[in-house]
Structures are given as structure tokens and as C-alpha cells.
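Single-structure report; data block below.
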Amino acid sequence: MKRILVVDDNTEYLQVLSNVLSNDFDTIKATGVKDALDILQAITVDAICSDYNMKDGTGLELLEDIRQKGINVPFLLMSGDDDYLLEQKAKLCGGVFCSKTDCDLIGK
């Protein structure tokens, strides 16, 4: 089974998203940027799904950091805001942006 790292400092949302993804993935949970980087030093994942705005940094910073370290896995950056500039920045780093309120994320 493919392994996905789910990163969000909102532990309730982290748990819900992890539960949904656990049908198709072995989910690993991280509660922030530092926690995610620590986990990535210890294990390999097949994909990362991260919130944008967290207490100890941003998902974009996490994306940039892992790319600099040569970790080239699919990366989904999520935010409660639908931000075109953030979408473009994520794309430049090889990630995909999705609004947490997007109908496609919630409904399908």
C-alpha cells in the first residue's frame, strides 16, 4: 500500500483527512512543518498532503525544503483560502494547490 504523509496543525482536520485517505493509503500524520521534516528523515513516503498555514511555518516552506533535499514525491498543498498566487507558487515548486473548500475535494 502506498504511504502518504498528511500534515496539518488542526488535529481534528488531520484525523478526519487521515481517516478518509486510510482506505487507499497507509497514512502517516504530522502536526506541523518540523514534525513532517523529522518524519521524512526517518521514513520514505509516496506522497504528501499538507495544509498551507500552520503554527510553525507553511506548507509552501515544507514543499520548498523537501525539493531542496531532493525529495520528489507528489505534493498537494491545501488552504482554506482560494489563492491564485499561492497556487502558482506551489506549481513552480512542483506541487498542486487545492482549496479545502473546493467542491471537488469535499464531494468526490
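Readers should treat all values here as calculations from the given coordinates under stated rules, not as data from a laboratory. Nothing here was measured: the structure is a model prediction, and the numbers come from that model. We place every Cβ from the backbone using ideal geometry, glycine too, and count neighbours over all the protein chains shown.
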Notebook entry, point to check: Quick one: Glu61 ticks every box in (1) touching a helix residue (DSSP H, G or I) at 6+ places or on another chain (Cβ under 9 Å); (2) assigned to a loop (DSSP other than H, G, I, E, B) bar one, so which box is it?
Noted result: (2)
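Looking only at the stretch 50-64, filter to residues that are among the aliphatic types (A, V, I, L, M) and over 17 Å from Ile28 (Cα atoms); which one of those is farthest from the chain's Cα centre (by Cα)?
Let us first name the residues in the stretch 50-64 that are among the aliphatic types (A, V, I, L, M), namely 54, 60, 62-63.
Within this subset, residues satisfying the condition of being over 17 Å from Ile28 (Cα atoms) are 54, 60.
On the way: Met54: 11, Leu60: 9 Å.
If we take residues in the stretch 50-64 being among the aliphatic types (A, V, I, L, M) and over 17 Å from Ile28 (Cα atoms), then Met54 is farthest from the chain's Cα centre (by Cα).
Mind listing just one residue for me: the one in the stretch 16-39 that is in contact with a strand residue (DSSP E or B) (Cβ under 6 Å, 6 or more places away or on another chain) and closer than 11 Å to Ser50 by Cα and, of those, surrounded by the fewest Cβ atoms within 10 Å (Cβ to Cβ)?
We begin by selecting, within the stretch 16-39, every residue in contact with a strand residue (DSSP E or B) (Cβ under 6 Å, 6 or more places away or on another chain); these are 17-18, 21, 25-30, 32-33, 36, 39.
Within this subset, residues satisfying the condition of being closer than 11 Å to Ser50 by Cα are 17, 29-30, 32-33, 36.
Numbers: Leu17: 22, Lys29: 17, Ala30: 22, Gly32: 19, Val33: 22, Ala36: 27.
By that ranking, first place goes to Lys29.
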Check: Between residues in the stretch 1-23 that are hydroxyl-bearing (Ser, Thr, Tyr) and residues that are in a helix (DSSP H, G or I), which pairs lie under 9 Å by C-beta distance while being six or more apart or on different chains?
Finding: none
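Take Tyr13 and tell me if it is surrounded by 14 or more Cβ atoms within 10 Å (Cβ to Cβ) and hydroxyl-bearing (Ser, Thr, Tyr). Let's see the steps before the verdict.
Numbers: surrounded by 14 or more Cβ atoms within 10 Å (Cβ to Cβ): yes; hydroxyl-bearing (Ser, Thr, Tyr): yes.
Yes, satisfied.
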